[in-house]
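One structure is given here, and the rest of the page talks about it.
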Amino acid sequence: MAKKQKFYVVWQGHIPGIYPTWEACQQQIHGFPAAKYKAFETQAEAEYAFKLGYQQVIAQAQPSKTNSKNNANHPKVAQKIISDSISVDAACSGNPGLMEYQGVNTISKTRIFHQGPFRDGTNNIGEFLALVHALAMLHKLGNDHTTIYTDSKTAISWVKNKKAKTTLALTKHNEELFELIHRAESWLKTHTWKNPIIKWETEILGEIPADFGRK
């Protein structure tokens, strides 16, 4: 079984940054006094940690005694929300049903974009389209630093694979929706991006700011 790749953050080293192998990380910390570095399971987590800073990451990894009981059931400690970020979410009445999605400023919750409703859609498709919409918008603005939050592991996976693996059937009502899916997949296959995509931990942080509040 192949060894799972890790990503290494070097906060203090010869050249601070994020490195995809332990060997590359070693080159930056070898012989460097008081080097500060740490391994992470995903690139998104590494980018988040690098932006957050070493002291904040270490502080989060050592929860206080008053919070240790509350955090006992969570594999990750509470995130410090990045202010320079967009949050995206979708809502769907039925499965399939009327679907819409939106993106908001994470801190102010000001709506940045909104699409829908679309007939015969699903929540997963909405989450995927919202994520690609945010990526394409930021790319058009020349912005490669703003973080994007989503509470959908499925959407993150679909974006990573550049393919919406939906089982939704094509109907006369959702032809426009399938065209948007096709355009989103085409965009992912023809563009690159650096914006961190981070999973919003709902159990720890509450509902994502872009939530439609229909639960």
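Quick look at the values:
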{"quantity": "Derived scalar couplings ³J(HN,Hα) [region 94-103; Karplus, 6.51 cos²θ - 1.76 cosθ + 1.60; whole Hz; x for Gly, Pro]", "calculated": "x, 9, x, x, 6, 10, 9, 9, 8, x"}
{"quantity": "Using alpha-carbon coordinates, inclination of helix 175-190 to the longest axis of the chain, degrees", "calculated": "30"}
{"quantity": "HN-Hα J in Hz across region 45-53 - Karplus 6.51, -1.76, 1.60, θ = phi - 60°, x for Gly and Pro", "calculated": "5, 5, 5, 4, 5, 5, 5, 5, x"}
{"quantity": "The chain, dipole about Cα centre (Lys/Arg Cβ +1, Asp/Glu Cβ -1), debye to the nearest 20", "calculated": "480"}
{"quantity": "Inter-label distance for His14 and Thr167, nm, one decimal - labels placed 7 Å from Cα along Cα-to-Cβ", "calculated": "5.2"}
{"quantity": "Region 82-215, Cα convex hull volume normalised per residue, Å³", "calculated": "101"}
{"quantity": "Carbon + sulfur, % of accessible area of region 1-48 - ligands and nucleic acids excluded, 1.4 Å", "calculated": "58"}
{"quantity": "Cα gyration tensor shape for region 149-213, rounded if a/c is under 1.5, else prolate or oblate", "calculated": "oblate"}
{"quantity": "Relative contact order [Cα under 8 Å, 6+ residues apart], the chain, whole percent", "calculated": "18"}
{"quantity": "For the chain, with +1 on Lys and Arg beta carbons and -1 on Asp and Glu, the positive-most of Phe50, Asn174, Asn123 along the dipole", "calculated": "Phe50"}
{"quantity": "Cα→Cβ-extended label distance, 7 Å offset, between Gln5 and Gln55, nm", "calculated": "3.3"}
{"quantity": "Solvent-accessible area, 1.4 Å probe, carbon plus sulfur percent, for region 153-215", "calculated": "49"}
{"quantity": "Packing-based order for 134-145, 5-16, using average beta carbon neighbours within 10 Å, highest first", "calculated": "5-16, 134-145"}
{"quantity": "J(HN,Hα) series, region 198-208, from Karplus relation 6.51 cos²θ - 1.76 cosθ + 1.60, nearest Hz, glycine and proline x", "calculated": "10, 6, 6, 8, 4, 5, 9, 9, x, 4, 4"}
{"quantity": "Residue-normalised accessible area of the chain, expressed per residue, 1.4 Å probe, Å²", "calculated": "58"}
{"quantity": "Residue-averaged [θ]222 nm for the chain, counting only DSSP H segments that reach four residues, each worth -39500 (n - 2.57)", "calculated": "-10500 deg cm²/dmol"}
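The values are calculated or read from the model by the stated rules, or taken from the named source; none is laboratory data. All figures in this text were calculated on a predicted structure; none of them were measured in a lab. Glycine also receives a Cβ, built like all others from the backbone with ideal geometry; neighbour counts cover every protein chain displayed. These area figures cover heavy atoms from the full protein model, side chains too; ligands, DNA and RNA do not enter into them. Shrake-Rupley method; radii C 1.70, N 1.55, O 1.52, S 1.80 Å.
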